[in-house]
1. When you go through (1) at pLDDT below 95; (2) in a loop (DSSP other than H, G, I, E, B); (3) of a type in the set (S, T, N, Q) one by one for N186, which number turns out not to apply?
2. Tell me which of these Q221 doesn't satisfy, since it passes every other one: (1) in contact (Cβ under 8 Å) with a residue 40 or more places away in the chain; (2) assigned to a helix (DSSP H, G or I); (3) more than 12 Å from I140 (Cβ to Cβ); (4) not β-branched (V, I, T).
3. Of the residues that make up the stretch 175-182, is at least one surrounded by 24 or more Cβ atoms within 10 Å (Cβ to Cβ), part of a loop (DSSP other than H, G, I, E, B) and not assigned by TED's automatic domain parsing to the domain that holds S39?
4. Which number in (1) of a type in the set (V, I, T); (2) assigned to a loop (DSSP other than H, G, I, E, B); (3) loosely packed, with under 14 Cβ neighbours inside 10 Å marks the one condition that V123 misses?
5. Could you go through the stretch 143-159 and let me know if any residue there is in the same structural domain as S117 (by TED's automatic domain parsing) and part of a strand (DSSP E or B).
6. Kindly indicate the residue of the stretch 52-104 that is in a strand (DSSP E or B) and β-branched (V, I, T) and also surrounded by the most Cβ atoms within 10 Å (Cβ to Cβ) among those meeting that condition.
7. Right, V49: surrounded by 15 or more Cβ atoms within 10 Å (Cβ to Cβ), in a strand (DSSP E or B) and at pLDDT 95 or above or not?
8. Give the stretch 195-208 a look and list any residue that's under 25 Å from T160 (Cα atoms) and either surrounded by fewer than 21 Cβ atoms within 10 Å (Cβ to Cβ) or modelled with pLDDT under 95 (or both), or say none.
Amino acid sequence: MESMVNISVLRGRVVAVLMSFGLMSAPACAGEVRAAVASNFSAPMERIVALFQQESGHTVKVSLGSSGKFYTQIRGGAPFDVFLGADEAIPKRLEQEGLAVGGSRIVYAQGRLVLWSAQPGFVDAKGAVLYKDGYSKLAIADPRLAPYGMAAKETLEKMTVWNALQRKLVKGENITQTWQFVATENAELGFVALSQIMRDGKVTEGSYWLVPPGMHKPIRQGAVLLSGAKDQAATKAFLAFLKSEKAATVMRGFGYELP
């Protein structure tokens, strides 16, 4: 009986020593993160979520859409824990309105805008195709809802063709729908996110013009912890992972620049 007690005590001491040196860790309860994510970030988000879930044990449920629509839904009480926007403005507004936790806002990526066609050789390296008559439809995301759409509008205004091209514009509700217009060739060309046509550092198809940064305001994409988050610990862990080198490597592969 005495030897059994001694063995039990000894095991307890060994476990305590191992834990003190970080060789063992106490089991953590797995949580769930409900994420509202701007649709331009769908592809990298898929990879980042897989890495985060594998590393943390938490799960992430992703909803994709336009930043403007998510803002309306969050104000209406939509059950999200974290918001990953396509700009800084909406996360900042949510924070100011008390709908997000103060001090939790981060810039996780800077996006790039491209003029793209599914047809090889259709778009030239300077975007001069916009001045020509060889197309009937130009797709952009709705500037009222999507920051990439606003960046497209600013670019066309800078090129002094915004007014002249009104009859050719096809507006998507978000950047994913805009990409679909071009990918299916319902529009010969359109302004989309570089991340939608790039994989592992290479553009996968079609022809494109990478819009110079000076043509529009920077697309600094912000994320914020929402006040209604049910599992703040898991959500904070995800936001921290979003700033990790693992996540940064994924984002670079899709053409994002890091803040």
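The values are calculated or read from the model by the stated rules, or taken from the named source; none is laboratory data. Quantities reported herein were computed from a predicted structural model and do not represent experimental measurements. Because the Cβ atoms are built from the backbone with ideal geometry, glycine has one as well, and the counts that use them run over all protein chains shown.
1. (1)
2. (2)
3. no
4. Looking at each condition in turn, V123 falls short on (3).
5. Within the stretch 143-159, the subset in the same structural domain as S117 (by TED's automatic domain parsing) is 143-159.
Next, only the ones that are part of a strand (DSSP E or B) stay: none.
No, the stretch 143-159 has no match at all.
6. Our first condition is that a residue be in a strand (DSSP E or B); within the stretch 52-104, this holds for 59-65, 82-84, 100.
The next check asks that each one be β-branched (V, I, T); those that pass are 59-60, 62, 82.
Numbers: T59: 14, V60: 23, V62: 16, V82: 26.
Result: V82.
7. On the way: surrounded by 15 or more Cβ atoms within 10 Å (Cβ to Cβ): yes; in a strand (DSSP E or B): no; at pLDDT 95 or above: yes.
No: the conditions fail for V49.
8. So the first thing to find is which residues in the stretch 195-208 are under 25 Å from T160 (Cα atoms), and the list is 207-208.
Within the stretch 195-208, S207 is the sole residue that qualifies.
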